[in-house]
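Notes for the one structure printed next.
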């Protein structure tokens, strides 16, 4: 890079020239297929509560077994519940109802742990567009919904607005107490489209809009 040039300037910039305060890096494209947006993945949850519960249960179970094994090694009899468990496992057939129930519970717990390990979580945090490879940012759903609601309330004729934000869709319900509904809907379409682009999300949600009169279902 030539000295005096700025990252993000156009190729026609003169090398070695003084940096201009009027120029800034171009806005990233809105196409979700571009490399910038492809790297803006969801945030992964630490899942401290499930991990802590599993660790605590394993610690307790391992401690009990180690204590019983150490007691047997020192010449003391094994605990009664462990002898009963060993006898039950040896005598009960595989199609016994309690064996099937225990296997089902163990399989369900294992599947739950696998789902927790393989899914990102943090569904309420929407990843924002990445303008720098070392910086990641996210926007909470409630904050995004508040922005859209406030922008909708700025439209003339809108009495109230309610926004439900999801990862891929924003559902907006507005009540208009004057003006034609078609005019209000057209203004809301433009305002909400600008507001969604202004959020800077990596994958802007589609907007589902309904406009109605107070006291009627839109």
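Values in this text are rule-based calculations from the coordinates and carry no lab data. Note that the structure is predicted; figures quoted are calculated from it, not measured. Don't worry about glycine lacking a Cβ; one is built from the backbone with ideal geometry, like all the others, and counts go over all protein chains shown.
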Margin query: Given a Förster distance of 22 Å, report the FRET efficiency between residue 98 and residue 69 from their Cβ-Cβ distance, rounded to the nearest 0.05.
Written below: 0.30
Notebook entry, point to check: How would you order 83-92, 118-127 from highest to lowest mean count of nearby Cβ atoms within 10 Å?
Noted result: 118-127, 83-92
Notebook entry, point to check: For the pair residue 59 and residue 87, what calculated FRET efficiency results from E = 1/(1 + (r/R0)^6), where r is the Cβ-Cβ distance and R0 = 30 Å, to the nearest 0.05?
Noted result: 0.70
Item checked: Alpha carbon centroid spacing (whole Å) that separates the stretch 54-78 from the stretch 99-166 -> 42
